Structures are given as C-alpha cells and as structure tokens.
1. Would you check if residue 80 is of a type outside the set (Val, Ile, Thr) and open to solvent by 10 Å² or more (accessible area, probe 1.4 Å)?
2. List every residue pair whose Cβ atoms sit under 6 Å apart, with the two residues 6 or more apart in sequence or on different chains, where the first one lies in the stretch 16-32 and is on the phi > 0 side of the Ramachandran plot and at pLDDT 95 or above and the second, anywhere, is open to solvent by 30 Å² or more (accessible area, probe 1.4 Å) and not in a strand (DSSP E or B).
3. Exactly one of (1) assigned to a strand (DSSP E or B); (2) surrounded by 18 or more Cβ atoms within 10 Å (Cβ to Cβ) is unmet by residue 286. Its number?
4. How do the pairs read when you match residues in the stretch 37-53 that are free of Cβ contacts under 8 Å to residues at least 12 places away in the same chain with residues anywhere that are of a type in the set (A, V, I, L, M) and surrounded by 13 or more Cβ atoms within 10 Å (Cβ to Cβ), using Cβ under 7 Å and keeping only pairs 6 or more apart or on different chains?
5. Identify the single condition in (1) in a strand (DSSP E or B); (2) of a type outside the set (Ser, Thr, Tyr); (3) open to solvent by 10 Å² or more (accessible area, probe 1.4 Å); (4) out of contact with any helix residue (DSSP H, G or I) (no Cβ under 9 Å at 6 or more places or on another chain) that residue 33 does not satisfy, given that it satisfies every other one.
6. Would you check which residues across the stretch 228-253 are assigned to a helix (DSSP H, G or I) and at pLDDT 95 or above and list them?
7. Against the condition free of Cβ contacts under 8 Å to residues at least 40 places away in the same chain, closer than 13 Å to residue 149 by Cα and open to solvent by less than 60 Å² (accessible area, probe 1.4 Å), how does residue 187 come out, does it pass?
8. Go through 56, 52, 91 for me and flag whichever is more than 30 Å from residue 115 (Cα to Cα) and at pLDDT below 95.
Amino acid sequence: MRAFALDAFGQPGSIHDLPDPEPAEKEVRVRVAAASINPFDNVVLMGYLKDRMEHRFPLIPCGDLAGTVDALGAGVDGFAVGDSVFGVTGRMVLGEGTLAELTTASTGTIAKRPAAVSEIEAAALPLAGVSALQSVEAVALKPNDVVVIVGASGGIGSYAIQLAAATGARVIGVTSKAKTEYVKSLGADEVIDRTSGDVEALRAKHPDGVAAIIDTGSDAAGLARLSEAVRKGGRVTSMKGAAAVDDLAKRGIKGVNVGTQVTRERLDHLARLAAEGKLKAPHIQTFPLAEAGDAFQLIVQDTRYGKLVVKI
C-alpha cells in the first residue's frame, strides 16, 4: 500500500510502499478515503512523545479516518465489509496511522458514516469533534450562560462553538482578528481579539463574571489569567492539562482537564447532529497524500483555521 511515512523523527516524510496491515481481534481494516491532521500529530512527528509512548517505523502519522471497511478481524460485531465508517484507529502504539491507503481500527472507536456526511467532513470530525463534545458537556451550560471559547477558530473550537450555542448559551470566541467573521459564522455572539487584552475586555463587558471557559490551547499561566474572568460557581476546561484544579476550587470554580476518549457512542451522536444539519463542518482545507508534508507545515501556522484533511 501507499502511505505517507517517516523513517526518523523530524524528517519531512515521503510516500512509502509498505505491506498491507491485517486486522487483529475486534479490529477492522479500512480502505481510507480521507484522514485529518491534528496538532497532536505534529507533536508525534517531532519526537516529543518518544519516551512516553511506543513508536513504530516507518512511522505513518494520524489517527482520524473516513473510509470503507475492507476486512474483518476475529470477533467483530456490528460491522461488515463495505460499510462506510469514520473514527480513529484506537491504538496506543504510534506509527500505524491513517495517512495510508489501508489502516486497521478498533471497532470501539469507529462508527458508521451517514450518507448525508461526506468522507471529507467525516474525517475532520472524530478527535476534534469528540474533544469539543466532552468540553461542552464538562461545563454544563444552561440557557443564557456566557461561555468563552479560547482557540475558537481551530478544529475543536469550530465544533465547540456550535455545540455550546445549541444549549442556549451565549458564546464568546477568542481568536485573532483576521478570523472574526469565520468564528461568528459558526454561531459566536461575540468575538474578542486575543491580542488586545482578553481578560480586560471580558471584565468590561461581563462585570459579574462569565459562567465558563473552554480553552483549547493556553498554557497554565495563560489559563490562570483568563480564569480571573470566571464567576464563583463557574467552570473551566483545558485540552492541554493547564487547568489548576485545586487553585480554581479555592475560588469556587470547577476545573476540568479534558482527556479525549473517542467512543462509538460519541461518534454516533456527532454523526446524527451533522446529518441533521445541527453541526456543520468547519472550514476544511484538503491536500493529496503526496503533499501531506505541506499540511504538517501549515498546522503550526497562525494563519490556519478549521481543519486540514488529506485525501488518500
């Protein structure tokens, strides 16, 4: 099979001809149509996790996928050859990823793709969509609550805005000025330029404090500063483990460091919302497999917004 892979950390990557993978017990093999790139994937390529997780070379990156079931491992229930699916591989080993014509995936981390959701849209959804879903659930929004979403123009933020707005909350997106209209198009009621004093702006507009912050990228110091705008009884989530849970608790605020867990149930829920038109796809920029390296260069650029998807 053709795959985009690296032979060593930090290399640009190239097309390799590699053996077809075989599905293990309770796995399916998927003929991949599209795979999305997340910031985590770039962390893997740079070798930042080499001492924390097993890596296999040649290293095929990425975990998000959309495609068609090609073969079944032993003990598979609920899926058949020919099913259109999307999700993540569900493996803790890095390097057997989805930037390839074929990959294998756990049946617990994929779901059937509705016909109303395209393969490109479905490939963009799994990790970012589930991260957004868990973050919004963690802040337990009520109608008219004010929630601030930091990193509102990214993949997670693009879905979180919509999921938060669906609760009846008032959504404030924090992003760069150039992405203001994009964030508003997703359902944000207000947009704050992250370079112009976000805490001061929040305090000025919401002197009683906001109900929640959903943060997708701040470090601990940055999130602590932002959390000053949260009222007592509010909630703060972080996708980067930056929420100082004990310190926030002293102020009567619940802090949650979200660990994304992709399950079939969560994927089914997101797929239904997308198929019903209640969760629209973010801006998606696509790349052919041979140009996947260009996508990895773009993922770290501030000009990027929405999702990056590689067509296999």
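1. So residue 80 passes the test.
2. 26/75
3. Only one criterion in (1) assigned to a strand (DSSP E or B); (2) surrounded by 18 or more Cβ atoms within 10 Å (Cβ to Cβ) is unmet by residue 286, namely (2).
4. 43/49
5. Exception for residue 33: condition (4).
6. Matches in the stretch 228-253: 245, 246, 247, 248, 249, 250.
7. Answer is yes for this residue.
8. Of the residues listed, the single one that is more than 30 Å from residue 115 (Cα to Cα) and at pLDDT below 95 is 52.
The values are calculated or read from the model by the stated rules, or taken from the named source; none is laboratory data. On a predicted model such as this, the values are computed, not experimentally measured, just so you know. Please note: Cβ atoms are built from the backbone with ideal geometry, for glycine as well, and neighbour counts cover all protein chains shown. All accessible areas refer to the heavy atoms of the entire protein, side chains included, with ligands and DNA or RNA removed. Shrake-Rupley method; radii C 1.70, N 1.55, O 1.52, S 1.80 Å.
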